[in-house]
Amino acid sequence: MPIDPVKPANNIIIDKECCGSILIQGVQPDFHIWENDVIAMINLVQISITSSASSTQSLEVLIVGSEQKKMTVPPGSTINYIGQRIHAVIIPSQGDEFTYVEGRFAISISIKLPG
């Protein structure tokens, strides 16, 4: 009996999560907390960012995709964002010599790679 060849999947779907801490003391340059660098279709990105109640000012977040969205996280608050076609999450340059911003982030990504 002949063996049927296995058909390759048309697309591979991968779910990934990353999380970490944010600390801004004084004036900070831009830094990327997440960036997509693969040829893939982003099915869905969920971003949660929390700013500690002890922060001296709001945390600014730039979400870069097919359009840019700037979000502000006041001290002691959390923002959530769900979207598609997201390429990067950036903490833009901010602060002054008295700035202290502490926070955390969690990003969940579902991407589809060509098979």
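The values are calculated or read from the model by the stated rules, or taken from the named source; none is laboratory data. Predicted model only: the values in this text are computed from it and were never measured. Cβ placement follows ideal geometry from the backbone for every residue including glycine, while neighbour counts extend to all protein chains displayed. Ligands, DNA and RNA are excluded from the accessible area calculation, which covers all protein heavy atoms including side chains. Shrake-Rupley method; radii C 1.70, N 1.55, O 1.52, S 1.80 Å.
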Next item on the list: Provide the per-residue ³J(HN,Hα) series for the stretch 73-83, in order, calculated from phi with Karplus coefficients 6.51, -1.76, 1.60 and θ = phi - 60°, each as a whole number of Hz, with x at glycine and proline positions.
Entry: 10, x, x, x, 10, 10, 10, 10, 9, 10, x
Notebook entry, point to check: So who's got an amide H within less than 5 Å of the one on Ser55, skipping anything under 5 residues away but keeping other chains? H placed 1.01 Å off N, in plane.
Noted result: Gly76, Glu102
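Could you work out the percent of alpha carbon pairs in the chain separated by over 17 Å, rounded to a whole number?
Tail of P(r) above 17 Å: 58 percent of Cα pairs.
For the chain, what % of the accessible area comes from carbon and sulfur atoms, probe 1.4 Å?
53 percent
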Checklist line | the stretch 11-115: chymotrypsin sites (Phe, Trp or Tyr not before Pro) falling in loop per DSSP and having at most 11 other Cβ within 10 Å | finding: Phe98
Checklist line | Average accessible surface area per residue within the chain, 1.4 Å rolling probe, Å² | finding: 64 Å²
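If I stretch the segment between Met71 and Ser48 completely, what's the gain in nm (0.36 nm per residue apart, minus their alpha carbon distance), one decimal?
7.2 nm
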Next item on the list: Could you order Leu59, Leu44 by accessible surface area, starting with the largest, using a probe radius of 1.4 Å?
Entry: Leu44, Leu59
